[in-house]
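The structure under discussion appears below in the form of structure tokens.
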Amino acid sequence: MKTRKFILSEKEMPEHWYNITASMTNKPLPPLHPGTLQPIGPEALAPLFPMELIKQEVTSEKWVEIPDEVRDLYAIWRPSPLYRAYELEKALDTPAKIYYKYEGVSPAGSHKPNTAIPQAYYNKQEGVKRITTETGAGQWGSALSFACQHFGIECEVYMVKVSYDSKPYRKLMMNTWGAKVYSSPTNHTQAGRSILDMDPNSPGSLGIAISEAIERAASDEHTKYALGSVLNHVLMHQTIIGQEAVKQMELAGDMPDIVVAPFGGGSNFAGISFPFLRLNLEEGKHIRCIASEPASCPKLTRGVFRYDFGDTVGMTPLLPMYTLGHNFVPAPIHAGGLRYHGAGVIVSQLLKDKLIEARSHDQLECFQAGVLFAKAEGIIPAPEASHAIATVIQEAIAAKISGESKTILFNLCGHGHFDMQSYEDYFANKLVKHEVTAADIADSLSKLTTPEIA
């Protein structure tokens with residue numbers, strides 16, 4: 001009988017997070033103050049984040065210890081399983097071996113609690129009473145709501161309007177864990193009001209929701225802000241995924257030639273790929289790592305590498321990243337968690353140095369891939385996860401054509417149980433193939449006044 005699942009024991013759960021910057025020859029460029037254009041220090045982040053997270057954001061240490069209380073909560077669902085996708089291989093008639101790391105077993109149904117729990121923990125340690133945040137499709141908002149409820153912290157979530165309307169059960173998950181959830185843009189903040197003044201029917205964006213959440217946190221000394229992707233400490237927390245996967249691939253007697261993950265801001269991709277990239281950077285391995293993004297929001301494949309704001313209104317420091325421009329408002333596709341204008345600083349540097357690859361897919365291709373996977377493997381993937389599946393299918397077909405037996409690993413970052421409206425729309429032919437035009441990208445980038453990078 002073929003072995004389908006590779007499980008580690010709780011004792012084998014990693015005890016440290018991995019900081020890839022310690023292994024990088026070219027370190028990421030520093031964030032800049034938007035007024036002086038000078039590099040900012042950790043003190044500039046103090047109004048928004050607890051000091052321990054700020055230390056993690058700028059640390060040069062390769063390994064950061066995971067607190068026991070965080071590991072105890074992780075143990076609710078970690079280590080997460082790794083599966084061999086025999087039925088998908090059969091459906092594709094490919095010589096490639098396909099594995100997937102399944103993060104949908106967490107309480108929130110995605111990989112997001114891997115960073116929500118430590119962020120809530122460190123805020124609790126510093127006596128924070130309330131945390132504000134944004135959420136696209138709702139996975140991050142629900143994960144932070146779960147974590148805040150455990151540590152007795154109030155949670156206030158600004159959910160992108162198009163997802164707030166189309167994914168009501170994500171909102172109800174957050175409400176069940178005690179969070180207050182608002183459809184962004186709102187009238188509760190100056191940032192939201194300014195957007196509504198320009199466009200009363202704005203569908204919202206992650207950049208807008210970030211502006212609202214940051215404004216709320218900055219105006220109250222007892223409130224901090226939490227981000228679910230992009231920042232260095234967030235990506236580092238997610239590396240527990242890839243560290244487990246390295247051990248599980250060894251347990252399977254295999255090692256991937258290709259590692260794939262969906263890409264929005266970077267936490268998903270970083271989580272599974274960075275520990276494998278470490279093998280490239282330190283041990284001379286040649287594992288290809290591919291970030292899969294939507295054709296509607298293609299910052300890695302069609303954006304520019306320059307300094308830009310992380311939010312729409314311009315409240316964050318300037319970050320060196322691949323961006324479509326902080327004013328870019330993506331089309332209201334169903335993969336709401338990937339609708340972000342910029343890429344994380346670390347991922348951007350890795351792409352600039354050609355240490356990783358990027359690929360984009362339109363939503364029809366992604367839903368087709370998601371349905372094929374569900375029929376073969378039995379798990380209905382979140383729309384975000386289907387982007388990785390689309391890339392995996394392309395690589396599996398390429399292996400079939402070439403006759404090479406490649407080993408492919410991807411991160412199945414979450415289930416789609418609360419995204420069934422999107423599947424209904426797909427089956428009813430209500431979804432359209434959408435790819436942002438060159439003119440739209442050029443128009444957005446033309447509005448940038450932020451510094452270019454030589």
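The values are calculated or read from the model by the stated rules, or taken from the named source; none is laboratory data. All of these numbers come straight from a predicted model, not from anything done at the bench. Cβ placement follows ideal geometry from the backbone for every residue including glycine, while neighbour counts extend to all protein chains displayed.
A few points about this structure:
- Some residue of the range 163-176 being within 15 Å of residue 416 (Cα to Cα), surrounded by 17 or more Cβ atoms within 10 Å (Cβ to Cβ) and in contact with an Asp or Glu (Cβ under 7 Å, 6 or more places away or on another chain): yes
- Taking first residues from the range 291-306 that are in contact (Cβ under 8 Å) with a residue 12 or more places away in the chain and partners that are basic (Lys, Arg) and part of a helix (DSSP H, G or I), the Cβ contacts under 9 Å between residues at least 6 apart in sequence or on separate chains come to 293/299; 295/302; 305/352.
- Residue in the range 225-236 that is among the small types (Gly, Ala, Ser) and surrounded by fewer than 24 Cβ atoms within 10 Å (Cβ to Cβ) present: no
- Filtering the range 361-387 to residues that are of a type in the set (Gly, Ala, Ser) and part of a helix (DSSP H, G or I) leaves 369, 370, 374, 376, 385, 386.
- Qualifying residue in the range 385-397 (condition: among the hydroxyl-bearing types (Ser, Thr, Tyr), touching a Pro at 6+ places or on another chain (Cβ under 7 Å) and at pLDDT 95 or above): no
- Long-range neighbours under 7 Å by Cβ, at least six apart or interchain, first residue under 19 Å from residue 383 (Cα atoms) and without any contact (Cβ under 8 Å) to a residue 40 or more places away in the chain within the range 170-181, second surrounded by fewer than 23 Cβ atoms within 10 Å (Cβ to Cβ) and of a type in the set (A, V, I, L, M, F, W, C): 171/181
- Among the residues making up the range 24-56, those that are within 25 Å of residue 278 (Cα to Cα), surrounded by 15 or more Cβ atoms within 10 Å (Cβ to Cβ) and in contact with an Asp or Glu (Cβ under 9 Å, 6 or more places away or on another chain) are 24, 52, 54.
- Being farther than 23 Å from residue 90 by Cβ and in contact (Cβ under 8 Å) with a residue 24 or more places away in the chain holds for only one residue in 392, 432, 371, and it is 432.
- The set of residues from the range 298-316 being touching a His at 6+ places or on another chain (Cβ under 7 Å), modelled with pLDDT of 90 or more and either among the aromatic types (Phe, Trp, Tyr) or in a loop (DSSP other than H, G, I, E, B) (or both) comprises just one member, 309.
Yes or no, residue by residue, for (1) surrounded by fewer than 22 Cβ atoms within 10 Å (Cβ to Cβ); (2) touching a strand residue (DSSP E or B) at 6+ places or on another chain (Cβ under 9 Å); (3) in a loop (DSSP other than H, G, I, E, B); (4) of a type in the set (S, T, N, Q):
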{"residue": "408", "(1), (2), (3), (4)": "no, yes, no, no"}
{"residue": "423", "(1), (2), (3), (4)": "yes, no, no, no"}
{"residue": "426", "(1), (2), (3), (4)": "yes, no, no, no"}
{"residue": "432", "(1), (2), (3), (4)": "yes, no, yes, no"}
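- Condition check for residue 213: touching a residue at least 60 places away in the same chain (Cβ under 8 Å) and surrounded by fewer than 24 Cβ atoms within 10 Å (Cβ to Cβ): no
- Candidates in the range 94-110 are the residues that are farther than 17 Å from residue 382 by Cα and hydrophobic (A, V, I, L, M, F, W, C); of these, the one that is surrounded by the fewest Cβ atoms within 10 Å (Cβ to Cβ) is 96.
- When we screen 252, 245, 261 for residues that are in contact with a Phe, Trp or Tyr (Cβ under 9 Å, 6 or more places away or on another chain) and either of a type in the set (Lys, Arg) or more than 28 Å from residue 294 (Cβ to Cβ) (or both), the only hit is 252.
- A single entry from 355, 351, 448 fulfils the requirement of being part of a helix (DSSP H, G or I) and of a type outside the set (Asp, Glu): 351.
- Pairs where the first residue, in the range 15-44, is among the small types (Gly, Ala, Ser) and the second is loosely packed, with under 12 Cβ neighbours inside 10 Å and part of a loop (DSSP other than H, G, I, E, B), C-beta under 9 Å, 6+ apart: 22/60
- Looking across the range 216-231 at every residue that is among the aliphatic types (A, V, I, L, M) and in a loop (DSSP other than H, G, I, E, B), the one that is farthest from the chain's Cα centre (by Cα) is identified as 226.
- Residue selection: residue 340 fails the criterion of being modelled with pLDDT of 95 or more, in contact with a helix residue (DSSP H, G or I) (Cβ under 6 Å, 6 or more places away or on another chain) and not hydrophobic (A, V, I, L, M, F, W, C).
- Options 276, 263, 269; residue that is surrounded by fewer than 24 Cβ atoms within 10 Å (Cβ to Cβ), touching a strand residue (DSSP E or B) at 6+ places or on another chain (Cβ under 6 Å) and within 29 Å of residue 62 (Cα to Cα): 276
- Test: residue in the range 410-420 that is among the aliphatic types (A, V, I, L, M), surrounded by fewer than 14 Cβ atoms within 10 Å (Cβ to Cβ) and either part of a helix (DSSP H, G or I) or at pLDDT below 95 (or both): yes
- Between 280, 268, the distinction of being touching a residue at least 12 places away in the same chain (Cβ under 8 Å), more than 17 Å from residue 407 (Cβ to Cβ) and either β-branched (Val, Ile, Thr) or in a helix (DSSP H, G or I) (or both) belongs to 268 only.
- Selection status of residue 404, among the charged types (D, E, K, R), part of a loop (DSSP other than H, G, I, E, B) and surrounded by fewer than 24 Cβ atoms within 10 Å (Cβ to Cβ): yes
- Listed here are the strands (runs of 3 or more DSSP E) enclosed by the range 1-115 that have at least 3 residues being within 19 Å of residue 410 (Cβ to Cβ): 82-84, 97-102.
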